[in-house]
Amino acid sequence: MNKLDYDRALYYTHRSEWDNLLILMVRTTDHFLSKKIEHFLHAYNFERDYSVIETKLYNLLRYIDHANETADQLPEDIPMYSLP
């Protein structure tokens, strides 16, 4: 799990940076995160009912929260950066 992806998804969602969120959707290795982003962006662009958009947004945010909690509990195999 790459915790940085979840932080980016939260940041882009908060700042309404949909282009960057779309790029993250394509580049992330977490397929669940990718699907949650895809469902939200699709609803945001094409859905007329605001409650559906709100539901998709809350689903995305709940998944990000869950993934961040899970990532804190797991030991990290690969460091995010290394000093030479």
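The values are calculated or read from the model by the stated rules, or taken from the named source; none is laboratory data. Note that the structure is predicted; figures quoted are calculated from it, not measured. All Cβ positions, even for glycine, are placed from backbone atoms using ideal geometry, and neighbour counts span all protein chains on display. The protein model used for the area step is the full one, side chains on, heavy atoms only, and it has no ligands, DNA or RNA in it. Shrake-Rupley method; radii C 1.70, N 1.55, O 1.52, S 1.80 Å.
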Q: Give just the number: which of (1) surrounded by 10 or more Cβ atoms within 10 Å (Cβ to Cβ); (2) modelled with pLDDT under 95 does Thr55 not satisfy?
A: (2)
Q: Evaluate the following for Lys35: is it surrounded by fewer than 15 Cβ atoms within 10 Å (Cβ to Cβ), closer than 18 Å to His66 by Cβ and not aromatic (Phe, Trp, Tyr)?
A: yes
**Q.** Search result, residues across the stretch 1-16 that are acidic (Asp, Glu) and open to solvent by 50 Å² or more (accessible area, probe 1.4 Å)
**A.** Asp7
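I'd like to verify a number: residues in the stretch 38-52 that are within 18 Å of His66 (Cβ to Cβ) and open to solvent by less than 60 Å² (accessible area, probe 1.4 Å), how many?
The number of residues fulfilling the criteria is 1.
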